[in-house]
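Take a look at the structure below.
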Amino acid sequence: MLTIALSKGRILDQTLPLLEKAGISISKSELESRKLILDTNLNDVKVIVIRASDVPVFVQHGAADFGIAGKDVLLEHGANGIFELLDLNISKCRLMVASKKDQDLNKSTLKVATKYVKSAKEYFYRQGKQVEVIKLYGAMELAPIVGLSDCIVDLVDTGNTLKANNLVPIALIQKISSRLIVNSAAFNTKHKEIKLWIQKIKQNL
Ligand code: ATP
Ligand code: PRP
Ligand code: MG
């Protein structure tokens, strides 16, 4: 039995065609059901659809053999018990620092609002800047507008969300795309099976 962990939301839409091409398909009724473990066309392959940030947790603990998650999420989670094997080149965006256009960013301690606490701390540490990080779970763009922070660290794709909130990109921290990750123990015990699926997915990228 093989269990695959997928992120719900935008990654799922782009992942399903990749799996389909590799020979794993999930029916519409299965996807539209409220079930959390979905059957596929293959008896020995199941799919769990969970929140993006939970994917590495399930994979690390072996509750899923492999999974697909954004590099942003993987950087926050850390690599413990996980092998990152393939860049799927989907859900591409950039992890960036952004602020109001006229913001003074040379203060001695910058207030940074973000969901990406680890990446933000590491970035500003490398820059030699002292920061106070305020953890949010969404709508980061609001923080500088209401005076909660001096800047944000968030994902940027088209830039529309920044623009709509009168913010400007300041610096690129990391290019982001979705990665195929594997539980390190499963990679040894189910090596042949997992290798085969990775090969099939890779062939069709
Ligand atoms: P949740 O809603 O559970 O908090 P989320 O907001 O991280 O999760 P999504 O918005 O579906 O969920 O994002 C999932 C992944 O897709 C992110 O981890 C990132 O890798 C990528 N992503 C997020 N926003 C964008 C975007 N605007 N453009 C392209 N890729 C994105
Ligand atoms: C993501 C991200 C930005 C936005 C960037 O939010 O957190 O707010 O997309 O994309 P853009 O540059 O194309 O505007 P998302 O739409 O996922 O909303 P949520 O995670 O806050 O629900
Ligand atoms: Mg989102």
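Throughout, read-outs are computed from the coordinates displayed, never taken from laboratory work. Bear in mind the structure is a predicted one, so any value in this text is a computation, not a measurement.
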Karplus couplings for the stretch 60-69 from phi (6.51 cos²θ - 1.76 cosθ + 1.60, θ = phi - 60°), rounded to Hz, Gly and Pro as x? 4, 8, x, 6, 9, 6, 9, x, 10, 8
Full-stretch length increase - LYS21, TYR137 - with 0.36 nm per residue and alpha-carbon distance subtracted: 38.4 nm
When only C-alpha pairs under 8 Å and at least 6 residues apart count, what is the relative contact order of the chain, in percent? 27
On a straight-distance basis, which aspartates and glutamates could pair with LYS200 in a cross-link, Cα separation under 18 angstrom, same-chain partners fewer than 8 positions away excluded? GLU20, ASP44, ASP65, GLU84, ASP87
In terms of modelled amide H atoms, which long-range or inter-chain residues lie less than 5 Å from the amide H of LYS8? ILE50, ARG51, ALA52
At q = 0.12, 0.14 Å⁻¹, base-10 log of I(q)/I(0) for the chain (Debye sum, equal scatterers on each alpha carbon): -0.66, -0.84
What do you get for the angle between helix 10-22 and the principal long axis of the chain? Use alpha-carbon atoms, 0 to 90 degrees, nearest ten. 30
What do you get for the angle between helix 117-126 and the principal long axis of the chain? Use alpha-carbon atoms, 0 to 90 degrees, nearest ten. 50
Between 0 and 90°, nearest 10: helix 191-203 axis offset from the chain longest Cα axis: 70
Over the stretch 93-175, what portion of Cα pair distances is larger than 15 Å, expressed as a whole percent? 49
Estimated 222 nm signal from helices in the chain, with DSSP H stretches of n ≥ 4 weighted -39500 (n - 2.57), rounded to 500: -9000 deg cm²/dmol
Hits among lysines - C-alpha to C-alpha of LYS163 under 17 Å, sequence gap 8 or more where chains match: LYS100, LYS101
